[in-house]
Amino acid sequence: MNQTARRQRGPRVTGDIGETASGWNAPIDVPTHRLTDSSSRTVRLRRAIADLRAAGEEDRHAHEHLQGQVPSESVDLLPKSAHEAITRQMVTDLTADVAEVKTRVNAVLWLLAGAVAIDVVMRLAGVG
């Protein structure tokens, strides 16, 4: 088997394997209930994420301790005053308005590009 065919087939798997009809090697010792049980996969995924977050927190605190820094607190993003809340709402509304204008400008540009393309095709065809 040449290198290209080997790359297309994938890596060789050792252990209990079976060959499928298309020639791919598939492990045959994997229990099928494990592949379809979404609740156990969800629990394992959540546990893994929690472990990664805990490890990151430990690493961050250890890093700050080594540098002699005071451990940082989480950032509070709640508005402190009515003025700040109103300003945030105005910025959010402005963001939505800018997105709408951007969409309309893009539509006009596509319309213009389509008109130019149609004009070029009609001139090449000798119509008009």
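Key figures
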{"read-out": "Ala85 paired with Thr42, simple spin-label distance in nm, labels 7 Å along Cα-to-beta-carbon", "value": "3.4 nm"}
{"read-out": "Cα-projected label distance for Leu112 with Asp51, points at 7 Å along beta-carbon direction, nm", "value": "5.7 nm"}
{"read-out": "Proxy reagent accessibility, fewest Cβ within 10 Å first, across Asp76, Asp93", "value": "Asp76, Asp93"}
{"read-out": "Spacing of the two label points (7 Å from each Cα toward its C-beta) at Arg123 and Lys102, in nm", "value": "3.3 nm"}
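Every read-out reported here was derived from the displayed coordinates using simple, explicitly stated rules and does not represent laboratory data. Bear in mind that the values here come from a model prediction, so they are computed numbers and not experimental data. All Cβ positions, glycine included, derive from the backbone under ideal geometry; neighbour counts span all protein chains shown.
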